[in-house]
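Every number here is computed from the coordinates shown, using simple stated rules; none is lab data. The model shown is predicted, which means the values in this text are computed figures rather than measured ones. Cβ atoms come from the backbone with ideal geometry, glycine included; neighbour counts cover every protein chain shown.
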Amino acid sequence: MNYLITGGAGFIGSALCRLLAGNAENRVVVLDKLTYAGSMGSLRSLKGKSNFRFVRGDIRNRSLVSSLLADENIDTIIHLAAESHVDRSIDTPALAIDTNVMGTLVLLEAALAHWRSLPPPGQQAFRFHHVSTDEVFGDLGPDDPCFTEQSPYAPSSPYAASKAAADHLVRAWHRTYGLPVVLTNCTNNHGAFQFPEKLIPITILNALQGINIPVYGTGKNVRDWLHVEDHVRALALVAKSGRPGESYNIGGEAECSNLTLVETICDVLDQRRLGGAGFSYQNLITFVTDRPGHDRRYGLDISKIKIELGWAPTYTLKTGLERTIDWYLQNSWWWRPIREKRYQGARLGLERAQSDALPNGASHVATAPILVGNRV
């Protein structure tokens, strides 16, 4: 299969590329703008592989996307490129909407034209796989059943709203034009190469530096955690075997509160005896002002993908966290330059100040103290 992976230099995208390019029968082409969260280091293991190509570019560049689809004879698009951090979307909603909504629109238009140009067998095999989030459904109460694929949309943040809008566009291109699409909605991911603005890596790295580990509010907000290697197995399976027009929930069946998660990470680090005798990393936990509109709980019912496609997570929360923590301990070559030069852990999502220009000419960036992010 010939894949175009948008956002392939990001956290989930790079894991997917490593999986797909491991099969010599696949051709994997990455289109990535290399924004702050993209890293060529995440694709280092693929350098020089004959079945892998990296192209630096913007998904909103219609001519570039169209030429890649034609030149590489793409039969499967897996669309991961997005502005994916909730706090950043609170500070810069226009950027999230421009990338996540308008970028998806450009991809859909190019994909439709490419699909229509294919012979009937190629049209039959073609797939546009849109990768989305559980946040489009809003939040759950403590005792509510998990969201299913039929749950109504009720996004809370600009990020979630932009992803919900993109989901609706993808479904509309299927219903209106017949483009063969599949969609997936996933829970929070963790694993290797995750940009250190997110909850798990920032907890690990703050602990290693001996600085405060901030937790929003009381830390009682609940998330389901999915190891990225399990997630990309599911993505590849849905792209290949999912029914056109259908969506599939992907989760780790590993719900826990943010505070419990952070405490568990601290306990694993204590077990590694990194802090010295009598020291506990839990002493670094600090409660800070909550995020505006912070959703209480997310959880997905993954019965559909289990029954239809035979997928299930292989990592428990404990085994996945241990694997993730050990990766960060062993790979400072990747994260240390990011922490030192690109992102030192500044809080986003509360205050605004003049900084990088947005597409509409506005300019906002948060300047509040260090804090933790809680989204994939």
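Some values worked out for this structure:
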item	result
The chain: relative contact order as a whole-number percent, Cα under 8 Å and 6+ apart	19
Mean Cα-pair separation over length for the stretch 1-127, i.e. relative contact order, pairs under 8 Å, 6 or more apart, %	28
Residue 257 paired with residue 273, simple spin-label distance in nm, labels 7 Å along Cα-to-beta-carbon	3.2
Kirkwood Rh (inverse of mean 1/r, distinct Cα pairs), the stretch 96-205, angstrom	15.9
Positive-end residue of 327, 187, 150, charge dipole of the chain with Cβ unit charges	327
Percent of Cα-Cα distances greater than 40 Å, calculated over the chain	10
Ordering of 275-281, 177-183 by packing [mean C-beta count within 10 Å, highest first]	177-183, 275-281
Likely footprinting exposure, 222, 238, fewest C-beta neighbours within 10 Å first	222, 238
Lys/Arg +1, Asp/Glu -1 at C-beta; the stretch 1-117 dipole; positive extreme among 70, 23, 105	23
205, 80 arranged by Cβ crowding within 10 Å, fewest neighbours leading	205, 80
Loop GluC sites (Glu not before Pro), the stretch 1-97 (other Cβ atoms within 10 Å of the site Cβ: 12 or fewer; DSSP)	25
The stretch 289-314 and the stretch 173-188: distance between their alpha carbon centers, rounded to Å	18
Net charge of neighbours whose Cβ lies under 12 Å from the Cβ of residue 272, counting Lys and Arg as +1 and Asp and Glu as -1	-3
Sequence-separation-based contact order of the stretch 130-175, relative, with Cα cut under 8 Å and 6+ spacing, percent	44
Kyte-Doolittle mean at least 0.0 and Cα axial length at least 18 Å: DSSP H helices in the chain	103-117, 228-241, 258-271
Descending semi-axes in Å of the stretch 244-301, equivalent ellipsoid built from Cα gyration tensor	32, 17, 7
Environment charge of residue 293, counting only residues whose C-beta is closer than 12 Å and scoring Lys/Arg +1, Asp/Glu -1	-3
Beta bridges by DSSP in the chain, antiparallel share as percent, to the nearest 5	15
